[in-house]
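The block underneath contains the structure these notes are about, expressed in structure tokens.
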Amino acid sequence: MSEPKTLQMVASKELGGAERWFIRFSAALAERGAPAELAFRAGSALDGLDFGSLPLHRLPFRTTWDPWSRHAVSRLIRQVRPDIVQTYMGRATRLTHLPERGGPVHVSRLGGYYALDPYRHAHAWIGNTKGLCDWMVRNGLPAERVHHIYNFADPARPLPFERVAACRAAHGVPEDAWVLVTLGRLVPVKGQRYLIEAMSRLPASIAGRPLCLLMVGDGPLGPELQRQAEQLGQQGRVLWTGWQRDPAPYLQMADLVVFPSLDAETLGNVILEAWAWDRPLVTANFRGARELARHGEDAWCVPCEDALALAQGIEQTLTDSSLMRAMTERGRERVEQEFGREAIMARYAELYRTLAG
């Protein structure tokens, strides 16, 4: 049975978790040879990226009320004639209005606990955690049209030693340092300020090795977080990489991945990425972590917004090699069995066939 044709639309200007997922998901569609086309905001951070063989469309996506943007969306749907239109985030969803019957099926993918009114006109909804799907149903969306599909983790693709060494040297990471890596937009929900405070509570060295934290990402809190690091005397131990299209060199050099998000974080792709790369993980116990991670088995979980607990978790993990080894082995098993690309993409293909049929 052939796969339905999909049009994937996202209207964001900047890159965040939803946009990184859009990039990974689009690459997986291209790899499968799925009949799909992409639409994103002209001039956005997505514009100019390599999406392989998938046809691309650049739309204005200026505001949710802009008649030209809405007309451009409607015109593109008539031109592409997809079976499924999948929208990400509020703007693309609000600009897409399709007939209840007799045309494409509008699927809205949610990756957070957003106000639902801008999403209610869709025909179906995808949530990336069970908790999010349950919340959507409790807030009035029909349960038979709410579908749960987790994100997948890209398989690790180890890089040549020389490339990782060059990356390490470019950021001035000492050769003997424990390398801690955190990935994410520099925004309040990611909780980086608690991680910087945790660094100030950690000793100068652990097991004879100094500590170095790589902050992989950018965002509006960047200047404030850098000032915090300086005020706490951590400017030599906290290094700023900016946003990285490919985080692989940083995950490969990491001795420990740390994810300090606040409770509002829905899923936390970094958990899956750490597991895929065989890296031990210390994570705040936010909503997504409570659903995914198992404390002491595949991650070390600490309370949200607790710098002292975060520091203690980091030190506990780095001083216990058997714990690190056990957590990485179990994390790798789980990402292979539950969060692999093939399994998740098969779920999407099955859902698309059901909806289109």
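The values are calculated or read from the model by the stated rules, or taken from the named source; none is laboratory data. In this text the structure is predicted, and so the values were computed from the model without any measurement. In this analysis, Cβ positions are derived from the backbone assuming ideal geometry, glycine residues included, and neighbour counts consider all displayed protein chains. Just so you know, the surface numbers come from the protein's heavy atoms only, side chains and all, with ligands and any DNA or RNA stripped out. Shrake-Rupley method; radii C 1.70, N 1.55, O 1.52, S 1.80 Å.
Can you spot a residue in the range 126-136 that is β-branched (Val, Ile, Thr), within 21 Å of residue 356 (Cα to Cα) and at pLDDT 95 or above?
yes
Quick check, is residue 67 free of Cβ contacts under 8 Å to residues at least 24 places away in the same chain, more than 22 Å from residue 103 (Cβ to Cβ) and either of a type outside the set (D, E, K, R) or in contact with a Lys or Arg (Cβ under 9 Å, 6 or more places away or on another chain) (or both)?
Against the criterion (free of Cβ contacts under 8 Å to residues at least 24 places away in the same chain, more than 22 Å from residue 103 (Cβ to Cβ) and either of a type outside the set (D, E, K, R) or in contact with a Lys or Arg (Cβ under 9 Å, 6 or more places away or on another chain) (or both)), residue 67 does not qualify.
Could you identify the single residue in 333, 291, 342 that is touching a Gly at 6+ places or on another chain (Cβ under 6 Å) and either modelled with pLDDT under 95 or not in a loop (DSSP other than H, G, I, E, B) (or both)?
Unique residue meeting the criteria: 291.
Among what's in the range 178-216 and is crowded, with 23+ Cβ neighbours inside 10 Å and assigned to a loop (DSSP other than H, G, I, E, B), pick the residue that is nearest to the chain's Cα centre (by Cα).
Top of the filtered list is 184.
Among the residues of the range 49-68, write down those that are in a loop (DSSP other than H, G, I, E, B), open to solvent by 20 Å² or more (accessible area, probe 1.4 Å) and farther than 16 Å from residue 13 by Cα.
50, 52, 53, 55, 65 - these are the residues of the range 49-68 that are in a loop (DSSP other than H, G, I, E, B), open to solvent by 20 Å² or more (accessible area, probe 1.4 Å) and farther than 16 Å from residue 13 by Cα.
Would you confirm, using the coordinates I've provided, whether residue 297 is at pLDDT 95 or above, assigned to a loop (DSSP other than H, G, I, E, B) and surrounded by fewer than 19 Cβ atoms within 10 Å (Cβ to Cβ)?
So residue 297 fits the description; yes.
Can you name the number of the only condition in (1) under 27 Å from residue 346 (Cβ atoms); (2) surrounded by fewer than 17 Cβ atoms within 10 Å (Cβ to Cβ); (3) in contact (Cβ under 8 Å) with a residue 40 or more places away in the chain that residue 137 fails?
For residue 137, the failing item is (3).
Just give me the residues in the range 1-26 being part of a loop (DSSP other than H, G, I, E, B) and more than 19 Å from residue 61 (Cα to Cα), in sequence order.
1, 2, 3, 4, 5 - these are the residues of the range 1-26 that are part of a loop (DSSP other than H, G, I, E, B) and more than 19 Å from residue 61 (Cα to Cα).
For (1) surrounded by fewer than 21 Cβ atoms within 10 Å (Cβ to Cβ); (2) part of a helix (DSSP H, G or I), each residue gets a yes or a no:
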site: 74; (1), (2): yes, yes
site: 77; (1), (2): yes, yes
site: 101; (1), (2): yes, no
site: 107; (1), (2): no, no
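Among the residues that make up the range 301-310, is at least one of them small (Gly, Ala, Ser), under 25 Å from residue 161 (Cα atoms) and crowded, with 18+ Cβ neighbours inside 10 Å?
Checking the range 301-310: not a single residue is small (Gly, Ala, Ser), under 25 Å from residue 161 (Cα atoms) and crowded, with 18+ Cβ neighbours inside 10 Å.
Give 131, 172 a once-over and let me know the one that is touching a residue at least 40 places away in the same chain (Cβ under 8 Å), part of a helix (DSSP H, G or I) and surrounded by fewer than 19 Cβ atoms within 10 Å (Cβ to Cβ).
131 is the lone residue from the list that is touching a residue at least 40 places away in the same chain (Cβ under 8 Å), part of a helix (DSSP H, G or I) and surrounded by fewer than 19 Cβ atoms within 10 Å (Cβ to Cβ).
Looking at the range 7-48, which of its residues are open to solvent by 30 Å² or more (accessible area, probe 1.4 Å), under 19 Å from the mean Cα position of the chain (by Cα) and touching a residue at least 12 places away in the same chain (Cβ under 8 Å)?
Selection gives 13, 14, 17, 20, 27, 45.
Considering the range 240-263 alone, what residues qualify as being open to solvent by 30 Å² or more (accessible area, probe 1.4 Å) and either closer than 18 Å to residue 309 by Cβ or not in a loop (DSSP other than H, G, I, E, B) (or both)?
240, 252, 262, 263
All but one of (1) under 18 Å from residue 308 (Cα atoms); (2) surrounded by 15 or more Cβ atoms within 10 Å (Cβ to Cβ) hold for residue 219, so report the exception by its number.
Failing condition for residue 219: (1).
Any residue in the range 313-324 that is surrounded by fewer than 17 Cβ atoms within 10 Å (Cβ to Cβ), among the small types (Gly, Ala, Ser) and either over 21 Å from the mean Cα position of the chain (by Cα) or under 21 Å from residue 251 (Cα atoms) (or both)?
yes
If the Cβ limit is 8 Å and pairs must be 6+ apart or interchain, which residue in the range 282-300 that is farther than 20 Å from residue 323 by Cα pairs with which residue that is open to solvent by 10 Å² or more (accessible area, probe 1.4 Å) and of a type in the set (A, V, I, L, M, F, W, C)?
What qualifies is 286/262; 286/264; 286/304; 287/264.
For the range 148-169, enumerate the residues that are charged (D, E, K, R) and open to solvent by 50 Å² or more (accessible area, probe 1.4 Å).
157, 162, 163
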